1. Working carefully through the options B:311, B:278, find the one that is buried (at least 23 other Cβ atoms within 10 Å of the Cβ) and at pLDDT below 95.
2. If you check residue A:380 against the conditions, is it open to solvent by 50 Å² or more (accessible area, probe 1.4 Å), outside any loop (DSSP other than H, G, I, E, B) and within 12 Å of another protein chain (Cβ to nearest Cβ)?
3. For segment A:222-230, indicate whether the set of residues that are farther than 19 Å from residue A:367 by Cβ, within 10 Å of chain B (Cβ to nearest Cβ) and either part of a loop (DSSP other than H, G, I, E, B) or small (Gly, Ala, Ser) (or both) is non-empty.
4. If we keep just the residues of segment B:33-45 that are over 11 Å from residue B:77 (Cβ atoms) and not in a strand (DSSP E or B), which is least open to solvent (accessible area, probe 1.4 Å)?
5. Given the options B:334, B:343, name the one that is farther than 30 Å from residue B:123 by Cβ and either modelled with pLDDT of 95 or more or more than 9 Å from every other protein chain (Cβ to nearest Cβ) (or both).
6. Failed condition for residue B:82, given (1) within 14 Å of another protein chain (Cβ to nearest Cβ); (2) open to solvent by less than 10 Å² (accessible area, probe 1.4 Å); (3) more than 16 Å from the chain's Cα centre (by Cα), with all others met?
7. Taking segment A:184-214, which residues are in a loop (DSSP other than H, G, I, E, B) and either surrounded by fewer than 24 Cβ atoms within 10 Å (Cβ to Cβ) or within 10 Å of another protein chain (Cβ to nearest Cβ) (or both)?
8. For residues that are more than 14 Å from every other protein chain (Cβ to nearest Cβ) and part of a helix (DSSP H, G or I), tally how many sit in segment B:61-79.
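The values are calculated or read from the model by the stated rules, or taken from the named source; none is laboratory data. The structure presented is a predicted model; accordingly, all values stated were derived computationally and were not measured. Every residue, glycine as well, gets a Cβ built from its backbone with ideal geometry; the counts of neighbours run over all protein chains shown. Heavy atoms of the whole protein, side chains included, go into the accessibility calculation; ligands, DNA and RNA do not. Shrake-Rupley method; radii C 1.70, N 1.55, O 1.52, S 1.80 Å.
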Number of protein chains: 2
Amino acid sequence: MAARNAFYAQSGGVTAVINASAAGVIETARKNKRKIGKIYAGRNGIIGALTEDLIDTSKDTSADIRALCHTPSGAFGSCRYKLKSLEQNRREYERLIEVFKVHNIGYFFYNGGGDSADTCLKVSQLANTLGYPIQAIHIPKTVDNDLPITDCCPGFGSVAKYIAVSTREASFDVTSMSKTSTKVFVLEVMGRHSGWIAAAGGLASSKDCEIPIVILFPEIVFDRTKFLARVNGLVKKFGYCSVVVSEGVKGADGKFLSDQGLRDAFGHAQLGGVAPVVANIIKDGLGLKYHWGVADYLQRSARHIASKTDVEQAYAMGKAAVEFAIKGHNAVMPTIDRLSNKPYKWRVGMAQLSRVANVEKMMPSNFISKDGFGITEKCREYLVPLIKGEDYPPYKDGLPNYVRLKNIGVKRKLGKFKI
Amino acid sequence: MAARNAFYAQSGGVTAVINASAAGVIETARKNKRKIGKIYAGRNGIIGALTEDLIDTSKDTSADIRALCHTPSGAFGSCRYKLKSLEQNRREYERLIEVFKVHNIGYFFYNGGGDSADTCLKVSQLANTLGYPIQAIHIPKTVDNDLPITDCCPGFGSVAKYIAVSTREASFDVTSMSKTSTKVFVLEVMGRHSGWIAAAGGLASSKDCEIPIVILFPEIVFDRTKFLARVNGLVKKFGYCSVVVSEGVKGADGKFLSDQGLRDAFGHAQLGGVAPVVANIIKDGLGLKYHWGVADYLQRSARHIASKTDVEQAYAMGKAAVEFAIKGHNAVMPTIDRLSNKPYKWRVGMAQLSRVANVEKMMPSNFISKDGFGITEKCREYLVPLIKGEDYPPYKDGLPNYVRLKNIGVKRKLGKFKI
């Protein structure tokens with residue numbers, strides 16, 4: 001009997017290293033052809049499965065699959081699309097089974113965050129709920145670093161490195177200008193609910209390179225008076241300061257400091273533009289000259305300054321997922337288990353998906369300094385290993401030489417499906 | 001007779017490579033001790049000269065001076081302060097001479113853009129106007145790339161590389177998301193009057209990596225209807241597009257699309273926030289989901305992704321300035337003269353400062369495509385060599401190990417001076 005095929009898809013917001021996980025999956029599966037047949041990727045995530053829009057990854061050379069390790073974003077396309085429960089939308093699950101069956105798919109690898117883990121869990125239960133035998137393994141990915149059990153999430157380390165590096169560089173800039181011009185630089189970073197990414201801004205300052213930084217965490221209610229006092233104090237002492245503000249910062253009224261009123265397909269508020277709001281508060285309150293930046297997609301696609309640790313872990317998660325599948329596991333997710341900080345040691349672990357799906361890991365409260373504006377030593381010990389190491393992509397004509405796969409479709413065997 | 005000392009200062013907005021020019025000045029001067037004595041740096045630019053706040057660079061080790069080559073922003077502090085004319089503020093020039101005289105300064109190296117070239121020119125005339133013998137050499141520096149005569153300006157190549165790389169990366173991100181989410185990414189870049197930096201966004205797309213990009217140049221009056229038609233066309237064809245918008249884009253009314261109404265010390269309008277304006281136009285006009293980013297200081301301080309060509313040219317300009325001084329030149333500026341595109345060859349040239357000061361070099365009109373939204377092949381040929389090569393800084397704990405000099409002050413010999 002021919003080995004059953006695998007389905008792999010990327011879900012939710014992409015990262016600088018999600019393709020390294022894809023490479024881990026594909027390369028490991030290719031080495032185990034007796035266990036796993038073809039690897040089909042979903043074009044645009046789970047939508048590719050629903051619409052039978054499958055990509056045959058065997059059409060791409062090993063060199064191109066290897067190049068995924070240094071290419072940011074989702075090579076097969078991602079999506080923001082959450083499967084409803086079986087009760088709410090049985091039609092979608094029946095369609096998935098139809099597609100899996102006709103393409104002999106017995107392995108389901110889903111590369112995403114908390115919402116995707118929930119989708120993956122539902123797929124893992126198809127044998128029980130609808131009688132279709134399949135093994136579903138979730139591969140962790142999220143810049144938000146908010147998945148439980150795993151010590152960190154692939155994607156986060158590289159955003160953290162980008163934000164730490166950028167905050168240090170912009171701080172060097174503002175200190176140069178501060179005598180006669182800009183005194184405060186405000187950088188807006190991602191993070192709706194938890195301040196992991198904002199915390200990384202704190203790494204810009206270190207023992208041998210002190211930089212006055214104020215962090216605004218979504219975990220801490222914004223207090224205008226305290227904030228202005230802190231900025232004023234730092235500018236008086238150092239002549240300048242940098243502010244790293246999480247997009248998810250809320251005021252005492254529970255509202256985002258900047259809420260555009262839009263919502264995405266998952267029902268999350270669409271944010272953006274808290275940096276100018278904070279800058280304006282500084283101007284009004286202190287009359288200081290400011291500049292502000294919004295990193296937005298740049299932070300999560302910046303493969304050019306990815307963390308080597310992150311790239312390695314992303315690859316390892318993809319590889320482990322396939323190994324778990326071969327060993328017969330279902331409804332699990334490989335994890336990164338930290339063994340020690342100095343030297344940083346970690347190993348691959350395994351989590352039950354039921355304990356992962358829809359659980360959001362918040363920053364431990366002892367990672368935020370008592371005044372609410374900075375990170376603690378404990379937080380620094382946690383973060384530093386995750387941004388360590390550089391893993392530069394190759395360049396051509398001054399630009400990173402990122403790969404684009406052929407993404408050749410698999411011949412459709414079924415009728416159309418409307419999502 | 002002891003060799004006369006030199007004064008070096010950094011002026012205006014800093015860059016990722018202005019310190020490489022400083023290294024070029026200091027290392028070359030140190031090799032010519034019989035001609036040039038000490039190198040004093042002005043703390044915060046020309047203000048350091050006026051207030052007799054001089055830094056003795058001889059207190060820093062050769063290793064630290066070397067490390068300037070990989071450290072962004074202004075190591076001695078910069079300033080936005082333009083000397084008025086001799087007629088308008090004779091007092092300031094007399095003070096400069098006082099300070100120069102008491103510290104035996106016979107060489108004046110000023111590292112800046114067009115406004116600074118004007119200051120440097122005025123200092124170069126002090127022998128004639130006020131009888132104080134001094135040689136003033138201007139060292140080109142500006143991310144805006146708007147100095148005349150020189151083929152390009154140190155600082156620009158690295159911003160261009162940052163914008164090209166970031167645009168490519170963010171475009172990879174948005175194409176991944178475009179099926180169900182974001183379809184347009186808008187990146188705001190620097191450039192008040194000329195679109196050099198915005199043009200660099202066009203490099204993100206190349207023959208082997210086509211990306212749909214719309215550039216909004218300050219040279220082209222913003223036309224809402226044409227712009228929306230272009231964005232719509234690209235999204236229909238490619239499923240997504242990226243927009244690179246210069247902060248200086250103006251509407252038909254001559255007003256900046258986004259003008260906060262602030263002005264800096266040079267009288268320039270302080271801009272920021274055109275990205276959200278453009279994003280909103282897209283939302284209103286086409287109903288497409290968007291993300292936007294504002295690179296701001298990140299783009300000009302991003303030493304981590306500096307162009308090797310740019311670093312080398314910045315150093316060469318500092319070195320040449322000292323060599324010109326030793327040869328007895330005054331009121332000149334070293335230039336980068338392009339000899340050929342393929343292979344890229346350049347040499348150091350020399351320009352008379354009178355031809356540089358207050359002259360702004362605009363983008364040639366044949367660098368902008370006929371429709372006004374892109375760059376031409378000619379522009380690409382000009383830009384590509386400038387972003388070529390990587391020159392990574394050393395890292396420590398995941399962060400670039402940038403140097404901070406001791407910046408030890410020279411003992412004051414004069415009374416205070418109020419600026």
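1. Going through B:311, B:278 in turn, the sole match is B:278.
2. Working: open to solvent by 50 Å² or more (accessible area, probe 1.4 Å): yes; outside any loop (DSSP other than H, G, I, E, B): yes; within 12 Å of another protein chain (Cβ to nearest Cβ): yes.
Yes, satisfied.
3. no
4. B:36
5. Being farther than 30 Å from residue B:123 by Cβ and either modelled with pLDDT of 95 or more or more than 9 Å from every other protein chain (Cβ to nearest Cβ) (or both) holds for just one of B:334, B:343, which is B:343.
6. (2)
7. Listed by number, the residues that qualify are A:190, A:192, A:193, A:194, A:205, A:207, A:208, A:210, A:211, A:212.
8. The total comes to 5.
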